[in-house]
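One structure below.
Read-outs throughout are calculated quantities, based only on the coordinates presented, and are distinct from any laboratory measurement. Since this is a predicted model, take the numbers as computed values, not measurements. FYI the Cβ positions are ideal-geometry reconstructions off the backbone, even for glycines, and counts take in every protein chain you see.
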């Protein structure tokens, strides 16, 4: 079975650098979301909250781009090299979900 990620029962071992980078991004996003909640609790003006939500969405997009890039460089490439053509169909399905 390919050592890949997604909610298919597959897993992926990430190297320490990749893991740290992704966790760092998620920690920053988590802080942004907590900040947005605090803004709401403190009756912050709507447009100020909207700007922060947009920043959090951009941060999630950057996380997704990094994760997808790593996925293609490792899971997809390894799958193709091992003759697993299904990994390309899986990638295409993932890209279609991202483009909605």
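Among the candidates 84, 78, single out the residue that is within 15 Å of residue 14 (Cα to Cα), more than 15 Å from the chain's Cα centre (by Cα) and touching a residue at least 60 places away in the same chain (Cβ under 8 Å). Walk me through it before giving the result.
On the way: 84 fails: within 15 Å of residue 14 (Cα to Cα).
Of the residues listed, the single one that is within 15 Å of residue 14 (Cα to Cα), more than 15 Å from the chain's Cα centre (by Cα) and touching a residue at least 60 places away in the same chain (Cβ under 8 Å) is 78.
Could you please tell me which pairs satisfy a Cβ distance under 8 Å, a separation of 6+ or placement on different chains, a first residue in region 89-100 that is without any contact (Cβ under 8 Å) to a residue 24 or more places away in the chain, and a second residue that is assigned to a helix (DSSP H, G or I)?
Sorted first by the residue in region 89-100, then by its partner, the pairs are 91/71; 91/72; 91/76.
Among the numbered criteria (1) out of contact with any helix residue (DSSP H, G or I) (no Cβ under 9 Å at 6 or more places or on another chain); (2) over 27 Å from residue 69 (Cβ atoms); (3) assigned to a helix (DSSP H, G or I), which single criterion is violated by residue 43?
Of (1) out of contact with any helix residue (DSSP H, G or I) (no Cβ under 9 Å at 6 or more places or on another chain); (2) over 27 Å from residue 69 (Cβ atoms); (3) assigned to a helix (DSSP H, G or I), only one is false for residue 43: (3).
Among the residues of region 20-30, is there at least one that is in contact (Cβ under 8 Å) with a residue 60 or more places away in the chain and within 22 Å of residue 98 (Cα to Cα)?
No, because not a single residue in region 20-30 is in contact (Cβ under 8 Å) with a residue 60 or more places away in the chain and within 22 Å of residue 98 (Cα to Cα).
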